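Trainee: I'd like to ask some things about the structure below.
The values are calculated or read from the model by the stated rules, or taken from the named source; none is laboratory data. Quick caveat, the model's predicted, so the values are computed rather than measured. Glycine also receives a Cβ, built like all others from the backbone with ideal geometry; neighbour counts cover every protein chain displayed. In case anyone asks, the SASA skips ligands and DNA or RNA and just uses the protein heavy atoms, side chains included. Shrake-Rupley method; radii C 1.70, N 1.55, O 1.52, S 1.80 Å.
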Amino acid sequence: MANIKSAKKRILVNRTKQARNKSIRSAVKTSIKKVDAAVAAKDLTAAQDALKVAISKIEKATAKGVYHKNNCARKVSRLAKAVNTIK
């Protein structure tokens, strides 16, 4: 454990940020799984609705600095491609 006051604060701040990032990542993964499930069931309307929610969550996570912008673009592209294969 750190002895310096600023180092102790850093540890606390990092734990807080880690918990926030983990929560956001988990929400993104859940929304991606919902899109994948709708695609597997070949339900176009459900997939499109889930895609809209997933894109929103992914872009918000990117804006908060949880994901890199290229990672965000890749995830969105893969999901959109999967939904477009239903047609």
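Trainee: Can you tell me how many residues in region 58-72 are part of a helix (DSSP H, G or I), open to solvent by 30 Å² or more (accessible area, probe 1.4 Å) and out of contact with any Cys (no Cβ under 6 Å at 6 or more places or on another chain)?
Mentor: Our first condition is that a residue be part of a helix (DSSP H, G or I); within region 58-72, this holds for 58-63, 69-72.
From what is left, the residues that are open to solvent by 30 Å² or more (accessible area, probe 1.4 Å) are 59-60, 62-63, 69-71.
Retained after the next criterion (residues that are out of contact with any Cys (no Cβ under 6 Å at 6 or more places or on another chain)): 59-60, 63, 69-71.
The total comes to 6.
Trainee: OK, next. Can you go through 11, 86 and tell me which one is at pLDDT below 95, surrounded by fewer than 17 Cβ atoms within 10 Å (Cβ to Cβ) and more than 13 Å from the chain's Cα centre (by Cα)?
Mentor: On the way: 11 fails: at pLDDT below 95.
That would be 86, the only listed residue that is at pLDDT below 95, surrounded by fewer than 17 Cβ atoms within 10 Å (Cβ to Cβ) and more than 13 Å from the chain's Cα centre (by Cα).
Trainee: Pairs under 9 Å by beta carbon, first residue closer than 24 Å to residue 68 by Cα and in a helix (DSSP H, G or I) in region 28-57, partner basic (Lys, Arg) and open to solvent by less than 70 Å² (accessible area, probe 1.4 Å), six or more apart or different chains?
Mentor: If the second residue must be basic (Lys, Arg) and open to solvent by less than 70 Å² (accessible area, probe 1.4 Å), the pairs left are 28/75; 32/75; 54/75; 55/75.
Trainee: Exactly one of (1) touching a Ser or Thr at 6+ places or on another chain (Cβ under 7 Å); (2) open to solvent by 30 Å² or more (accessible area, probe 1.4 Å) is unmet by residue 42. Its number?
Mentor: (1)
Trainee: Listed residues 75, 52; which is open to solvent by 40 Å² or more (accessible area, probe 1.4 Å) and in contact with a helix residue (DSSP H, G or I) (Cβ under 6 Å, 6 or more places away or on another chain)? Walk me through it before giving the result.
Mentor: Working: 52 fails: in contact with a helix residue (DSSP H, G or I) (Cβ under 6 Å, 6 or more places away or on another chain).
It is 75.
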